[in-house]
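Undergrad: This structure is in structure tokens; I'll ask about it shortly.
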Amino acid sequence: MPMNARPAAVLFDRDGTLIVDVPYNSDPALVRPVPGAREALDRLRGAGVPIGVVTNQAGVAKGLIGEDSLREVNMRVEELLGPFGVWAVCPHDDGDGCDCRKPLPGLVLRAAAALGVAPADCVVIGDIGRDMGAARAAGARGILVPTPVTLPEEVAAAPEVAADLTAAVDAVLR
């Protein structure tokens, strides 16, 4: 997809990208959007760009988050940030051998299929190298929004870097 083409969909990592990362969060009361998240998402919605979430949730495989708690946390995300066209969640851990755990492309491929768009016409916005790896593996455009946990080598390797979510959405809508 050319840099200046409007994407068919934008897929977001959840923790650290849309909401403040609380490791293995199972409590909806702890969900806090990152600054500007609702406004950025509403701009995409207003422009008619479908949006979705692609998120690794290894806490399920580790027994730290129950399926019901995960669903409640995701529902709280939607209460605060508005609706998403698709939620693609990997409940596995690194050693489980699934094809959906980022940096593998499964979540991006699943989300694109659910939205009825080609993965190559999607943008994936995330805060770590795994998000960019999943975008690359699926043939999607990746935009990294670094946080304090983003490694310097992940920033250096990212195809695009935005200062924050607002800047990432600016780049998408430009």
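The values are calculated or read from the model by the stated rules, or taken from the named source; none is laboratory data. Not measured: the values here are computed from a predicted model. Neighbour counts run over all protein chains shown; Cβ positions are idealised from the backbone, glycine included. Note: areas computed on protein heavy atoms with side chains; ligands, DNA, RNA excluded. Shrake-Rupley method; radii C 1.70, N 1.55, O 1.52, S 1.80 Å.
Undergrad: Restricting to the range 147-170, count the residues that are under 20 Å from R43 (Cβ atoms) and not in a helix (DSSP H, G or I).
TA: 5
Undergrad: Among the numbered criteria (1) touching a helix residue (DSSP H, G or I) at 6+ places or on another chain (Cβ under 9 Å); (2) of a type in the set (D, E, K, R); (3) free of Cβ contacts under 8 Å to residues at least 12 places away in the same chain, which one does R14 miss?
TA: Looking at each condition in turn, R14 falls short on (3).
Undergrad: Every residue in the range 52-101 that is more than 26 Å from A9 (Cβ to Cβ) and out of contact with any Phe, Trp or Tyr (no Cβ under 8 Å at 6 or more places or on another chain), please.
TA: A61, G63, G66, D68, S69, D93, D94, G95, D96, G97 - these are the residues of the range 52-101 that are more than 26 Å from A9 (Cβ to Cβ) and out of contact with any Phe, Trp or Tyr (no Cβ under 8 Å at 6 or more places or on another chain).
Undergrad: So for the range 138-146 (the condition being assigned to a helix (DSSP H, G or I), open to solvent by less than 10 Å² (accessible area, probe 1.4 Å) and more than 23 Å from G59 (Cβ to Cβ)), does at least one residue qualify?
TA: Checked the range 138-146: no residue is assigned to a helix (DSSP H, G or I), open to solvent by less than 10 Å² (accessible area, probe 1.4 Å) and more than 23 Å from G59 (Cβ to Cβ).
Undergrad: Follow-up. Out of (1) surrounded by fewer than 20 Cβ atoms within 10 Å (Cβ to Cβ); (2) in contact (Cβ under 8 Å) with a residue 60 or more places away in the chain, the odd one out for A156 is which?
TA: (2)
Undergrad: Of all strands (runs of 3 or more DSSP E) completely enclosed by the range 25-132, which ones contain at least 1 residues that are open to solvent by less than 30 Å² (accessible area, probe 1.4 Å) and closer than 16 Å to I143 by Cβ?
TA: 51-56, 122-126
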